[in-house]
Amino acid sequence: MPKGPQGQKRPADVIGNAAHVMRIATRQLEELMPGPAAEASRKGALKEVLTRADKLSSEKRKAIAKQGANARWKKKHAVAEWPGSRIAD
């Protein structure tokens with residue numbers, strides 16, 4: 001489900017989203033906003049990631065980055081195999 005600028009959940013279709021915004025504007029529906037706990041959790045996770053990155057050597061960071069790039073490249077450029085496309089040996 002798509003999210004608004006502050007992380008609110010929104011309907012994916014245009015008409016559903018317009019109806020949702022209208023209900024919020026006319027106070028038929030209260031918009032749920034992420035609380036302070038969500039913000040603290042995000043900041044804690046960011047701090048943890050930065051701490052882990054500081055502990056890794058540059059060679060290890062490069063190896064992790066290459067592994068991720070290879071996985072993304074493989075996923076993006078995967079060749080679809082058709083049932084009759086293989087040549088029999």
Report task. Kindly list, by first and then second residue, each pair from a residue in the stretch 61-76 that is free of Cβ contacts under 8 Å to residues at least 12 places away in the same chain and under 26 Å from THR51 (Cβ atoms) to a residue that is surrounded by 10 or more Cβ atoms within 10 Å (Cβ to Cβ) and among the aliphatic types (A, V, I, L, M), limited to pairs with Cβ atoms under 8 Å and residues at least 6 apart or on different chains. Result -> ARG61/ALA53; ILE64/LEU56
**Report entry** Pairs with Cβ under 7 Å, 6+ apart, first in the stretch 20-34 and more than 11 Å from GLN8 (Cβ to Cβ), second aliphatic (A, V, I, L, M) and modelled with pLDDT of 85 or more
**Finding:** none
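Give the number of residues within the stretch 37-89 that are assigned to a loop (DSSP other than H, G, I, E, B) and at pLDDT below 85. Steps first, please.
Pass one, the stretch 37-89, residues assigned to a loop (DSSP other than H, G, I, E, B): 56-57, 77-89.
Then drop every residue that is not at pLDDT below 85, which leaves 77-89.
Summing the residues that are assigned to a loop (DSSP other than H, G, I, E, B) and at pLDDT below 85 in the stretch 37-89 gives 13.
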Query raised in the report: Restricting the stretch 53-71 to residues that are surrounded by fewer than 10 Cβ atoms within 10 Å (Cβ to Cβ) and charged (D, E, K, R), which is nearest to GLN8 (Cα to Cα)?
Result: ASP54
Requested in this report: Only residues that are within 21 Å of the chain's Cα centre (by Cα), at pLDDT 80 or above and hydrophobic (A, V, I, L, M, F, W, C): list them for the stretch 1-36, please.
Outcome: none
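The values are calculated or read from the model by the stated rules, or taken from the named source; none is laboratory data. Fair warning: this is a prediction, and the values are worked out from it, not measured in the lab. Using ideal geometry, Cβ is built from the backbone for each residue, glycine included, and neighbour counts are taken over all protein chains shown.
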